[in-house]
Every structure is written in structure tokens, then in C-alpha cells.
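These notes concern the structure reproduced below.
The values are calculated or read from the model by the stated rules, or taken from the named source; none is laboratory data. Note that the structure is predicted; figures quoted are calculated from it, not measured. Note: ideal-geometry Cβ built from the backbone for every residue, glycine included; neighbour counts use all protein chains shown. Note: accessible area is taken over every heavy atom of the protein model, side chains too, but ligands, DNA and RNA are not part of it. Shrake-Rupley method; radii C 1.70, N 1.55, O 1.52, S 1.80 Å.
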Amino acid sequence: MNIVSSPHAHGARPVGQVMMLVMLALLPATLAGFWRFGWPAVYLWLVTVLACVFAEALCVRLADRPAKPALADGSAVLTGWLLALSLPPWAPWWLGAVGGAFAVVVCKHAFGGMGQNLFNPAMAARVMLLISFPVEMTQWLAPLPLGSAGAPDALGALAITFGAVPDGMTSASLLDHARSAVSRGLPITGEVDPLALGLGDRAGSLGETSALLLAAGGLFLVFMRVIGLRIPAAFLLGVALPAAIAHFLAPERFLPPMAHLLAGGVMLGAFFIATDYVTSPSTPLGQWIFGLGCGLLNWIIRTWGAYPEGVAFAVLLMNAATPLIDHYTRPRIFGRTRSGRSLTPAAPKGN
Amino acid sequence: MGAPDISLLTRLTRLVKRWGAHPDGRKDPAAGTETTAIPLPPLLTLPLTQHIGAPARPLVSAGERVLRGQLIAEAAGPVSAPLHAPTSGTILGIGEVQVPHPSGLTGPAILLESDGLDEAVAFTGANPFTLEPAEIARRVAAAGIVGLGGATFPAAVKLSLGQRTPIPTLILNGGECEPYLSCDDRLMQERAGEVIDGARIILRAIGGSRVLIGVESNKPQAIAALREAAAGFGEVAVVTVPSRYPMGSEKQLIAWLTGREVPSQGRSADIGVVVHNVGTAAAIHRAIRYGEPLTRRIVTVAGGAVRTPRNLEVRLGTPASALVAFCGGLTETPARLVMGGPMMGIAVTTLELPIIKGSGGVLALTAAETGARQAAEGPCIRCASCVGACPIGLLPLEMAARIRAGDLAASVDLGLKDCIGCGTCSFVCPSKIPLVQYFNHAKGELAARDRNKLKQDAIRELVEARNERMEREAREKAEAAARRKAERERAKAEAAAKAAAAAAEQPASEESAA
């Protein structure tokens, strides 16, 4: 006899629907990236997503489970999508393919699959690519919008994605510029126009440059209650606060907080990467700590580290700390004190 | 009329901390139609366990004629409750029947064939405000009243509490946060006077000073009716609480109304509060004022597969199928039959089950209503929905992971014993993991272990006692043997001494003679 347990009703959005909403939120920034960097960006995105989907299907089949439900939850597509957004827009196809496969096979299934991984697959893959292929991973491209003079057409772009990036196309990103100036002992020059920066009219990764569109997508997710506000708010605070203090003390050596918030992967990281359910803490206080840690580490790496960009490293470091954070930030249990003792009638309102 | 003395800090935390869930209420159309009594069924099945505690002891035998209100089974223990005939008729016998229990097992029940006359014994009521508190509790116990909210804890036990510890506050639970159910809502609207009078009787029994009636905000008519009925009584306050599951949980309701938390592993009496369901209060009113035992209750019949959902006043022992038939029958084959509410009620496989004291609802749910169309259980994605929803502040995902790994001690460390089993975590889980099932299973496992440990302890004590006895006997035997031996030795020594003395005497005498 089949005994069914209560509750006899369910009110949650299924996992697949959650992933769909996240992709929907990513769409505006992605389309902006496509428009800004042209057909090669579209091809790279496709290759990366497909690599993840194939890798997922392969791993699930190897584990003797049906591939369809695993693919239907959309997590593999999302991993590929997020990775693609963090790659240089004209990167060769194999960069996306290797990164996507690494994300799914090593960073997800080697840990036990869905829900088991310690590190964010997209960010772990990005870091792997950055360390293994530093040249290909730092070829930033000045925006060349679709249809503008010199932009490759759909066919010509194939040569770029599946051939080689033409010389003379690369340009320094803002963070690149700042760090090379500081390392040479020069003051940071030039005005930072927040609006141009926020809209993404600059060199940078495929989908990270449209900071304002990413933030809008993120707020949509908060509004839809897909993600909470704690991690993104803490992340942004963790970047902006030290940046503001440092910039106030020595404006010629430190970028202003606005530039930090709108450049690089901060918005993508705060709303879409750090909020990854699997690799972030599940307790409310833990989420604050995690977000603040991500932001602070990101700012430190950007300012003093060897790399111009720190989101991926910061998130991975905090991912590693997540189990510990969860352990030490358990919520107070109803009817007990913080230390776990039962509330006694003698001390009715103790905390 | 707001709840008094709640600190600003508590009020502020409420704004930030959002426990619980908002299941689709689905209370209409049943909530909008007046309660109707259904005709007497030809056969009543009265399980002897309609309360927590030991089964009641039957006092009747086959062939006996009984009248409505006649005692047919007596309480058999401290948290047991007696049972009365819901109508007049003939006892067919006492048999094993399928009872509304999650196990699907059978239990003993008295079968009563109605004679259709509905003749009653003579009831004698009293003025509760001339009765001693202990006498009120005695009469409530004799009337077989148990918690009608579903917990079925004997009401009288909670009335006697006030004689041991001061209980200044009585809370009446009009939360009714379970979806579909509206039996308490209808009761509060239609019999507000009975509820208020019952509350005042309980207050007298416990020696308390104030009554807080908490009603969810989705029942404005009930709130209005209660306020009107309570108008003359300054000690009674009707308080609107938010519609949020599980607001009707005792601990949550107390915290909301008084700002105080029941200590972990403690009872509400520890903080000077006792909670009764509004239905229980109305039943107590009838038991004291008119001397009427508990033989009927209001039941919500609802769900997408029921033709005309409504609230029915039903004699205990009526088969659930008769209720559904009275509501026009089923429009389709339901995906699930539930007795109680969808969040904490039990799934049953047949409608041929009797209504008992704790049955608040009979639900015939369609597949869409149960969420069965959604994919099957998936892996935990650590979304922490369950953490945010848990009204107790537990980490359901961590606890489930420990239980799955077989580490019960770790799950206890995480607060398993504080879990109230409300099912909110399962309800909000996007992967459809039956979290509350894990916890109930683990609690059962722990209870079994505890029982086993007690048994082992008892056995060990017996063995130890036996060993001790054997040892003592052996020791005593050895001692006796040693004593006998010593005796013999002494005797021998004495004899030898005597002989020696005699021998010595002789030479002495010889000497003296010399």
C-alpha cells in the first residue's frame, strides 16, 4: 500500500521554471552584447551553451540516468550562458567548448551533479581558462555594433569564431587601464562616464559590459522572488564601501566606487553568480557575510591582485567558505537562545 | 482591539522575518454557505481511539439499546476520553474497522445501528459561574471533549493546568490556516455567542484573567461576529492575525499574540498561556450549559472533485462517503482523498471511514490541486526556500541531508525535535522533496530507539539484579560453608583443647599428687 505523506498541496515553482526566469533576466544584457560585439559573440555563446548541454547529457548517460529530465531543468544551459557572458566576445570557439565542458564535467558532475558542487561551475571554468589561456582570455575588443562599418557579417564572423581573431582589434578595458597605470606609478587619467560605462559602450566581456541591463535583470529576479536581496546588496556594498573610502583618501590611485560597480563583472557577479543557490550559504546571516566577502575580495583583487578582474576569484574563494559560514550562522531556533539552550520561563525574552 | 504588551523589537522583527508560506486558500465556496446538518446515517462506526492516549474502554455489548448522549465507552488513562452514543439505536457489536489513521491500519470500534428516533438521555446543565473550577474540568472530561482543531488532546487536562501553575492568558485558536477548511470560520460566524461563552467558562476553569482570540485576516465576518458577541466582556479581545501558514500552530499564534515564545521542549503553560480551538470552546459551552456530551462536529467537505463543497454538521461515526454524497457526490475521480487539511491531514484510500472528533475536513483533491502534475522529486538545489519558510528557524535542507546519510544525532543537533511537522518546507520546495516526511520518519525512528533503549535498560537491570542475586546466594552459600567449616574447626579445636587440657590436668594432678 502506498502511503502518501502530507502536505497534499505544493506551492513552489519547479526548478526548470526558476532557471527559465533567470535566463529571461539575462536576455536583455545578452542581446545588448550580441548587438555590440556582433556575430562572433552570437557564435561563441551558442558554442558554449551547446558544449555544456552535450557535457551534461554525456555525464548523465554515463551515470545510467535518463538525460531528458536532467536537461529539462535548464541548469546546463544556464551554466553555459553565464560562462559565455564572461568570455571575451571574439574568443575562438574552442575556448567556449573547453570551458563549457570543464564547467559541467569537472566542476559539477565530478562533485556529484546537480546541487552537490562546491564551486560555481561557470566561474571555476572561467578561472581555469584565464590561467590556462591568458592571451586568448584577455583579448578585449572595442565595441563594433552590428551593421556598423567594419563589423563582420554572419558569414565573415564564422572565420573569426572558428578561425583566428584578426590582429589590431584588441583594446584595453577600463580595469586593465587602471591597473597598468597604477603599476607604472602613473595616476589614473581620464574621466569615467558612468552612463556610458553602465550601458556597456566599452571594451569588455560579452555580457558583462551592460551593467545597468544586468542590474535590471537582477532586480526582476528579486521582484519575482527567485533570488533574495541579501547577497546582491551585500556584494555591491562590499565593493562600493572600500572603494569609496580608498578613492576618498587617494583619488589618483584608486578608481571611484561607481567605476567599480559598473565595470567588469560586478553586476553579473552580484545578481547572477554569487546568488547561485547551490554554492552560496542558505542561512540569512550567512548570505550577508558571503555577499560582503565576495564584494570585498573582488575589490582587493582588482586593486592589488595580479589580475585586472576579481569577480570569479572572489566568488570561488567565498564558495570554499560557504559550508563553514553555514555552520556558524545557523538561525536561532524558536524557543531557544542563540546558544541552543531552551528559553526558560525565568528569562522569557532572552536572546 | 490589538494584542497588548508586545515590544517594539518584536514588532520590528516581524517586518523583517517572514516565516511560513501562503498556500492558495481555496476556502470558497464552502466558506460562503451556511452549515447544514445532514440526516442520520443508518450505521455509525465509533472508533475507540478518537483522542491521543489509550483507547476508551467499551461499556456496552452487542444487542444493547442506547440513547443519544449515553456513555458507551469510558476513558482508560490520563489522556484518554470517554465516548457517547451520537444517536439512539442498537449496538451491533465491537469490531475491527479501518480508522482514519496515516498507517491505514484497523482499530477497535463500536458499531451502532440507528433506530431513527434520535431519543436522548436527560441532560442536566449548570451555571458555569457557580461551579468550582475543578468541577468544570470534571464535567468537560465527562463530556468526552478533545481538541477539535485536530490534535484531539483531552480538553479537560488543559483546564486543570490552572490549578497547578498560574495561567493568566487563554488563547482561542481561530486561525484555521489550512487551505480549504472553513468549519471554524462558519462556527465563529454562526455561533459566536457559544464560542465567547465557552471561552469565559475555560477562563474561569484555569483561573485566568484575559482571553485573546486570534483569527486570520481572511475571515472578516467571523471577526465581526466574535467582536459583537464579545462586546460586553472586557476580558475578551478578538485579534486579527495575518493569513499565513502555519499561523494556526499553537506556538506561532502565541508568539504573534503575546510576543513570547514557548520554550523548546516546554509547554505553553510554562509562559502562562493555554490554547484551545474555537470549536472546543463551543463544545465546552454546550457541555457545561446544557450537559451535552460531544457527539457531533462541523466538517468541511471540499476539493475540486466535490460537486458542491460546503460545511456540514455531522454525528460522529458517520462515514465520510455519506458527507460527500450529501454534497452531490464527486464530479471526477479524485487524485487524492484527505481527512483533515491538505497541509497536515492524512491521505486515505477510501471514503468508507468514519468522522471522528478530530476530523475537520473531508477533501477530494484533483491532480492539479495536489501539484501532482509537477515533475517527481528532484535533487536539492540548496535554494534555501525551506530555511526562509520554516516557522521554527530550522534548516530543513541540512536536516534532511543528515537523515538521508543516516546521521540522526546530527539532525537532532540541528533541531529535529523542535520541528512541528507543519509541512511548510515540503510545500515550498521547488524540487518537491518530501522534507516533512523525512523528519516524521526520523522522529519515529528516534522514538523507537528510545523505546528500545528503555527496553534494553530494563533487561539489563533485570540481568544485573539476577546476577547480583546469584552472587549474593553464592556468597551466602560460601559464607555458610565457611561458617560451618569454622564451626567444625572451632569444635575440633575445642575438642583438642579439651583433650589437651585433660591431658594437662592429669600430669598436673599427677604433679599435685606428686
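Does A:TRP90 qualify as being at negative phi, away from chain B (no Cβ under 14 Å) and open to solvent by 50 Å² or more (accessible area, probe 1.4 Å)? So A:TRP90 does not fit the description; no. Residue selection: B:LEU181 satisfies the criterion of being touching a residue at least 12 places away in the same chain (Cβ under 8 Å), of a type in the set (A, V, I, L, M), closer than 30 Å to B:PRO309 by Cα and touching a Ser or Thr at 6+ places or on another chain (Cβ under 7 Å). The number of residues in region B:100-120 being crowded, with 20+ Cβ neighbours inside 10 Å and outside any loop (DSSP other than H, G, I, E, B) comes to 4. Residue count for region A:208-235, restricted to those that are over 18 Å from A:LEU26 (Cβ atoms), in a helix (DSSP H, G or I) and either touching a His at 6+ places or on another chain (Cβ under 8 Å) or of a type outside the set (D, E, K, R) (or both): 2.
Within region A:161-173, does at least one residue satisfy the condition of being modelled with pLDDT of 70 or more and over 25 Å from the mean Cα position of the chain (by Cα)? Taking every residue of region A:161-173 in turn, at least one turns out to be modelled with pLDDT of 70 or more and over 25 Å from the mean Cα position of the chain (by Cα).
Among the residues of region B:392-409, write down those that are in contact with a Ser or Thr (Cβ under 8 Å, 6 or more places away or on another chain) and at the interface with another protein chain (Cβ under 7 Å from one of its Cβ atoms). Of everything in region B:392-409, those that are in contact with a Ser or Thr (Cβ under 8 Å, 6 or more places away or on another chain) and at the interface with another protein chain (Cβ under 7 Å from one of its Cβ atoms) turn out to be B:LEU395, B:LEU397. Against the definition (of a type in the set (A, V, I, L, M), within 14 Å of chain B (Cβ to nearest Cβ) and in contact with a strand residue (DSSP E or B) (Cβ under 9 Å, 6 or more places away or on another chain)), how does A:LEU343 come out, yes or no? So A:LEU343 passes the test.
Within region A:258-308, the set of residues being of a type in the set (Val, Ile, Thr) and within 12 Å of chain B (Cβ to nearest Cβ) comprises A:THR275, A:VAL278, A:THR279, A:THR283.
Just one residue in the set B:SER243, B:SER264 is under 30 Å from B:LEU351 (Cβ atoms) and either surrounded by fewer than 21 Cβ atoms within 10 Å (Cβ to Cβ) or touching a Cys at 6+ places or on another chain (Cβ under 7 Å) (or both); that residue is B:SER243.
This table checks each residue for (1) more than 23 Å from the chain's Cα centre (by Cα); (2) open to solvent by less than 10 Å² (accessible area, probe 1.4 Å); (3) within 14 Å of another protein chain (Cβ to nearest Cβ).
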| site | (1), (2), (3) |
| --- | --- |
| B:LEU181 | no, no, yes |
| B:ARG210 | yes, no, no |
| B:GLY214 | no, yes, no |
| B:SER217 | yes, no, no |
| B:PRO220 | yes, no, no |
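Restricting region A:270-307 to residues that are free of Cβ contacts under 8 Å to residues at least 40 places away in the same chain and among the small types (Gly, Ala, Ser) leaves a set whose member that is nearest to A:LEU324 (Cα to Cα) is A:GLY305. If you filter region B:410-434 down to residues that are within 20 Å of B:CYS177 (Cα to Cα) and of a type in the set (A, V, I, L, M), you find that the one that is nearest to the other protein chains (Cβ to nearest Cβ) is B:VAL428. Which residues, taken from region B:348-377, are within 8 Å of another protein chain (Cβ to nearest Cβ) and open to solvent by less than 20 Å² (accessible area, probe 1.4 Å)? If the condition is that a residue be within 8 Å of another protein chain (Cβ to nearest Cβ) and open to solvent by less than 20 Å² (accessible area, probe 1.4 Å), then B:LEU363, B:LEU365, B:THR370, B:GLY371 are the ones that fit. The single residue among B:ALA73, B:ALA62, B:ALA54, B:ALA81 that is assigned to a loop (DSSP other than H, G, I, E, B), surrounded by 21 or more Cβ atoms within 10 Å (Cβ to Cβ) and hydrophobic (A, V, I, L, M, F, W, C) turns out to be B:ALA81.
Counting only helices (runs of 4 or more DSSP H) that sit completely within region B:227-340, those holding 2 or more residues that are within 14 Å of chain A (Cβ to nearest Cβ) correspond to B:250-258.
Yes/no per residue for (1) open to solvent by less than 100 Å² (accessible area, probe 1.4 Å); (2) outside any helix (DSSP H, G or I); (3) under 30 Å from B:ARG402 (Cβ atoms):
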position	(1), (2), (3)
B:ILE433	yes, yes, yes
B:PHE439	yes, no, yes
B:LYS443	yes, no, yes
B:ARG460	no, no, yes
B:ALA474	yes, no, no
B:ALA478	yes, no, no
B:ARG484	no, no, no
B:ALA493	yes, no, no
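Among the residues of region B:378-391, which ones are within 8 Å of chain A (Cβ to nearest Cβ) and of a type outside the set (Gly, Ala, Ser)?
Residues satisfying the conditions are B:PRO379, B:CYS380, B:ILE381, B:ARG382, B:CYS383, B:VAL387, B:PRO391.
Among the residues of region B:121-134, is any touching a strand residue (DSSP E or B) at 6+ places or on another chain (Cβ under 8 Å) and surrounded by fewer than 23 Cβ atoms within 10 Å (Cβ to Cβ)? Looking for residues that are touching a strand residue (DSSP E or B) at 6+ places or on another chain (Cβ under 8 Å) and surrounded by fewer than 23 Cβ atoms within 10 Å (Cβ to Cβ), one finds at least one in region B:121-134, hence yes.
For region B:158-168, enumerate the residues that are in contact with a Gly (Cβ under 9 Å, 6 or more places away or on another chain) and either farther than 26 Å from B:PRO242 by Cα or open to solvent by less than 10 Å² (accessible area, probe 1.4 Å) (or both).
B:LYS158, B:GLY162, B:GLN163, B:THR165, B:PRO166, B:ILE167, listed by residue number.
The rows are residues; the columns are (1) farther than 19 Å from A:PHE37 by Cα; (2) at pLDDT 80 or above; (3) in a helix (DSSP H, G or I).
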{"site": "A:ASN117", "(1), (2), (3)": "yes, yes, no"}
{"site": "A:ALA124", "(1), (2), (3)": "yes, yes, yes"}
{"site": "A:ALA159", "(1), (2), (3)": "no, no, yes"}
{"site": "A:PRO187", "(1), (2), (3)": "yes, no, no"}
{"site": "A:LEU197", "(1), (2), (3)": "no, no, yes"}
{"site": "A:ASP201", "(1), (2), (3)": "no, no, no"}
{"site": "A:LEU206", "(1), (2), (3)": "no, yes, no"}
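Going by the structure shown, is B:ALA405 open to solvent by 50 Å² or more (accessible area, probe 1.4 Å) and over 30 Å from A:ARG336 (Cα atoms)? So B:ALA405 fails the test. Scanning region A:309-340 for residues that are within 8 Å of another protein chain (Cβ to nearest Cβ), part of a loop (DSSP other than H, G, I, E, B) and either in contact with a Leu (Cβ under 7 Å, 6 or more places away or on another chain) or open to solvent by less than 50 Å² (accessible area, probe 1.4 Å) (or both) yields A:ARG330, A:PRO331, A:ILE333, A:PHE334, A:GLY335.
Is it true that B:PRO334 is without any contact (Cβ under 8 Å) to a residue 40 or more places away in the chain and either out of contact with any Lys or Arg (no Cβ under 9 Å at 6 or more places or on another chain) or not polar (S, T, N, Q) (or both)? Taking the combined requirement at face value, the residue satisfies it. Does region B:308-328 include one or more residues that are among the aromatic types (Phe, Trp, Tyr), in contact (Cβ under 8 Å) with a residue 60 or more places away in the chain and closer than 29 Å to B:LEU131 by Cβ? No; the residues of region B:308-328 include none that is among the aromatic types (Phe, Trp, Tyr), in contact (Cβ under 8 Å) with a residue 60 or more places away in the chain and closer than 29 Å to B:LEU131 by Cβ.
For region B:38-56, the set of residues classified as free of Cβ contacts under 8 Å to residues at least 60 places away in the same chain and within 13 Å of B:GLY144 (Cα to Cα) consists of B:THR49, B:PRO55, B:ALA56, listed by residue number.
Report yes if some residue within region A:266-287 is open to solvent by 50 Å² or more (accessible area, probe 1.4 Å) and either in contact with a Leu (Cβ under 6 Å, 6 or more places away or on another chain) or under 22 Å from A:ASN319 (Cα atoms) (or both); otherwise report no.
yes
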